[in-house]
Amino acid sequence: MDKLIVKGGKKLKGEVTVSGSKNAALPIFVATILAPGINQISNVPFLRDINTTIKVLESLGAKVDGSGHVVKIDTSGINSHEATYELVKTMRASVLVLGPLLARFGRARVSLPGGCAIGARPINLHLKGLQALGAEIVLEHGYVEAKCKRLKGARINFDISTVGGTEHLMMAAATAKGETVLENAAREPEIVDLACYLNRMGAKIEGAGTDTIRIQGVSELSAANYEVMPDRIEAGTFMIAAAITGGDIKIHGMKLEHLDALAFKMQDAGVEITSRDGVVRVKAPKKIKGVNIKTRPYPGFPTDMQAQFMALMCIADGASVISENIFENRFMHVSELLRFGADITVEGNTATVKGVKKLSGAPVMATDLRASASLILAGLAADNTSEISRIYHLDRGYESIEKKLAGLGADIVRVKE
Ligand code: EPZ
């Protein structure tokens, strides 16, 4: 297994370009199942989760050419409707193949994803929505068996905002008979990207990005080409990297409007954020101010940036109260940040961070994707050297992050453990 060695204290300077969005590419890859044909998807990041999704598609009979940047997916040969536990357990988002397989073949057998480090992450709302569309759902031996000759449009109201649930039902409803209305739908930009791709395939979806999405079912879809949106969480991670090191960087290829909640909080903390001709400049203040955050569904503060923001607050002037309202166990990075000398106390879903003058380098262990990023950020700010192990978590969601950070002047190398 690899680890990262980070020598902290360098102010990041220079320019970096953001890769395509993991959380947009994954559902778009899955949506290709809905129709036979060749889809050319571009701006795809080279990530472990993309490779896993490709393996799932190939296990169903698709032919995939490429594993990043430009990926050609030929779904004409899909001849199986089963996604196995082996594949689904490595990446929960694979469960999204259930709806498209059901829509295209009238049946599907997909392993239940199980939980993950940050929470139980049930899919009850996905299944409830598919049942509302007329699917017969049976759960047995850890698998979901679904059957339905032809899905029928329905009004669906989500108890809570769910990104995956909204994506799943948008895909399943695209070829259902009649109209489907998704109420209290999630509004994330990745959902808008998926809707744009589905409409390119011939779907009739309106309202993506709002909390009410209307889908007029069409009889069939066709393969389409598409360019994936930029990864807003990778972009936000670089913004924090500049702020936590006292740096001044320019970020290319990101959409600042996808990160308003983060940008406003960083500005409250004293960070200068400007955007000109599509390039975002992030300039750190002499001293970061403590700021409170509450994670919320989009457009609120993104839960996927909570760990990274906490790392920044560890060196702030003053205290910061951070409440995590999306996942029940997303403070795994706290115990590792304490090893850098941070001052953090956790009470339920609330962490109180008291800024310290300096973090000191330490050997730490990544526990989940975004926690790994927060440990790198702390290492960049700490004096002397840090070692971050189990960075396979990192490779799920960041394309060559150590190379990109080194390109900004960070002293960071990947070594074999
Ligand atoms: C997506 O996960 C993202 N993953 C997550 O990013 C992100 O943190 C999350 O949305 C929230 O923004 C991908 O897009 C691949 P949810 P998802 O359904 O769809 C509960 C990362 O780091 N819930 O919006 O699984 C659930 O337990 C990852 O890139 C139910 O109770 O998230 C959670 O508490 C981590 N029942 C809340 O809703 C359901 O049927 C939000 O989950 C579905 C969800």
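Read-outs: derived from the displayed coordinates by stated rules, not from any lab. Because the structure is a prediction, the values reported are computed rather than measured. Every residue, glycine as well, gets a Cβ built from its backbone with ideal geometry; the counts of neighbours run over all protein chains shown.
Tabulated values for the structure
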quantity	calculated
Residue-wise HN-Hα coupling along region 21-35, computed from phi with Karplus coefficients 6.51, -1.76, 1.60 (Hz; x: Gly, Pro)	7, 4, 7, 9, 5, 4, x, 5, 4, 5, 5, 4, 4, 5, 8
Pairwise FRET efficiency - E86 versus R276, Cβ, R0 = 60 Å, nearest 0.05	0.80
Considering only the chain, percent of DSSP beta bridges that pair antiparallel, nearest 5	70 percent
For region 109-125 versus region 138-213, the gap between their alpha-carbon centres in whole angstrom	18 Å
Shape category assigned to region 48-158 from the gyration tensor of Cα positions, a/c cut at 1.5	oblate
Under 5 Å, built H, 5+ apart or other chain: amide partners of E227	S42
Per residue convex hull volume, Cα atoms of the chain, in Å³	121 Å³
Ordering of 383-392, 296-305 by packing [mean C-beta count within 10 Å, highest first]	296-305, 383-392
Using a Förster distance of 30 Å, the FRET efficiency for K72-L139 (Cβ separation, nearest 0.05)	0.30
Computed magnitude of the charge dipole of the chain (debye, nearest 20; Cβ of K, R +1, Cβ of D, E -1)	300 debye
Rounded FRET efficiency, nearest 0.05, which uses the C-beta distance separating E220 from N124 and R0 of 41 Å	0.85
For peptides 398-408, 216-226, 43-53, sequence by mean Cβ density within 10 Å, most packed first	43-53, 398-408, 216-226
Over region 223-330, equivalent-ellipsoid semi-axes from the Cα gyration tensor in Å	23, 19, 10
Proximal lysines relative to K177, as straight alpha-carbon distance under 30 Å, when same-chain residues fewer than 8 apart are discounted	K63, K72, K128, K147, K149, K152, K204
Relative contact order for the chain, counting Cα pairs under 8 Å that sit 6 or more residues apart, in percent	21 percent
Residue order, fewest to most surrounding Cβ atoms within 10 angstrom, among L375, L169, L256, L394	L256, L394, L169, L375
Cα-only radius of gyration and Dmax that characterise region 177-218, units Å	9.6, 27
Region 211-357: relative contact order as a whole-number percent, Cα under 8 Å and 6+ apart	19 percent
Two-decimal log10 I(q)/I(0) for region 1-41, as the Debye equation yields it once each C-alpha is a single scatterer, q = 0.25, 0.35 Å⁻¹	-0.95, -1.16
Between region 349-417 and region 23-61, the Cα center-to-center distance that results, in Å	29 Å
